[in-house]
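The values are calculated or read from the model by the stated rules, or taken from the named source; none is laboratory data. Note that this is a predicted model, so its numbers are computed, not measured. Ideal geometry is used to build each Cβ from the backbone, glycine not excepted, and the neighbour counts take in all protein chains shown. Note: accessible area is taken over every heavy atom of the protein model, side chains too, but ligands, DNA and RNA are not part of it. Shrake-Rupley method; radii C 1.70, N 1.55, O 1.52, S 1.80 Å.
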Amino acid sequence: MKLENLQSNDGSRHKTKRVGRGFGSGIGKTSTRGSKGQKSRKSGHTRPAFEGGQTTLYRRIPKIGFNNKNFMNAYNVISLNKLVKLNLYNVDQKVLVEKNLIKDSKLPIKVIGKIDLEKPMHISAHKFSKGAIASLEKNKSKFVILKQK
């Protein structure tokens, strides 16, 4: 057996249908698209959900529900646990940006978490959770609430 003698088994390969190649092929002229009309044209198919000009289903059904995404308050949330693990005891926005702890420096900062602190901390943030305030007051730490822009 040589490389030039290789061929596939009979019936394992189908010839591709070459449409629009003359009357003799049996699939010339209209190229299996039938006669006239929108779907016989080159780019004659309609978009998904098109119902022939009738108002589509997704427009007939009433809109329900409410999405609060446009009105919600977004914060950079940081846990006291992370600050303790990184030995950060004097924390403000500049330090958090340097340590890559906040994603968006334009958003206000919120400190959360309820843990037992070993050393007192000094934290400046826009908002604190009840648990974080309790932990900081218990340890006699200082926390400053910044004004939001």
Problem - Conditions (1) surrounded by 10 or more Cβ atoms within 10 Å (Cβ to Cβ); (2) under 29 Å from the mean Cα position of the chain (by Cα); (3) of a type in the set (K, R): number failed by R33 - result: (2)
Practice task
Report yes if some residue within segment 48-64 is surrounded by 10 or more Cβ atoms within 10 Å (Cβ to Cβ) and either of a type in the set (A, V, I, L, M) or in a strand (DSSP E or B) (or both); otherwise report no.
Solution key: yes
Completion exercise
Residues in segment 1-21 that are loosely packed, with under 10 Cβ neighbours inside 10 Å, part of a loop (DSSP other than H, G, I, E, B) and of a type outside the set (G, A, S) total 10
Practice task
Of all residues in segment 65-77, count the ones that are open to solvent by 100 Å² or more (accessible area, probe 1.4 Å) and under 30 Å from S124 (Cβ atoms).
Solution key: 5
Practice task
Would you mind finding the one in G53, G24 that is at positive phi and either in contact with a strand residue (DSSP E or B) (Cβ under 7 Å, 6 or more places away or on another chain) or not aliphatic (A, V, I, L, M) (or both)?
Solution key: G53
